[in-house]
1. Hey, rough spin-label estimate for residue 37 and residue 6, points 7 angstrom out along Cα→Cβ, what's it come to in nanometres?
2. If we sort 54-66, 37-49 on the protection proxy, mean other Cβ atoms within 10 Å, highest first, what's the order?
3. Rounded to the nearest 20 Debye, what is the dipole magnitude of region 18-85 about its Cα centre when Lys and Arg each give +1 and Asp and Glu each give -1 at the C-beta?
4. Mind checking Rg over Rh on region 18-85, alpha carbons, Kirkwood formula for Rh?
Amino acid sequence: MKLIPTPPRAAQERANTEDAVGLGIEAAVIVALFLGFGYLIDRLAGTMPIFMIVMTVLGAVGLFAKLKYRYDEKMDQHAARRADGSHSAPPTAPPTAPSDAAATEVQTADRRGSA
């Protein structure tokens, strides 16, 4: 007898962290960490803004390089799928003809309007 319900399958899967919010938070944290490390080095060395600026620039350049390589990897995956023909468009339903009942209703409405 189960007393604790199992969560639905969607709740068990790992969340996608490659969305815009996740990337934005990652960027802010990386730049803030490098800024903090630069501040600590400056406090210990007695050279106030030099390492803060250098470390912040290093963090930002590294972040942009990481994002570019991630983007390039995804585009290569898409190109490979396209070349293999494994990407498939969602199936489209063929247009359906109106049913006889619907056609009869339209004809009846036309007769009433023209009479």
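Any read-out appearing in this document is the output of simple, stated calculations on the displayed coordinates, not a laboratory observation. Here the structure is a predicted model, which is why all the values come from computation and not from measurement. No Cβ is skipped: glycine too gets one built from the backbone with ideal geometry, and neighbour counts run over all protein chains shown.
1. 4.3 nm
2. Details: 54-66: 14.9, 37-49: 12.8.
Ranking, from highest mean packing down: 54-66, 37-49.
3. Working: 7 positive and 8 negative charges, 20 e Å.
Roughly 100 debye for region 18-85.
4. Details: Rg = 17.1 Å, Rh = 13.7 Å.
Dividing the radius of gyration by the Kirkwood radius yields 1.24.
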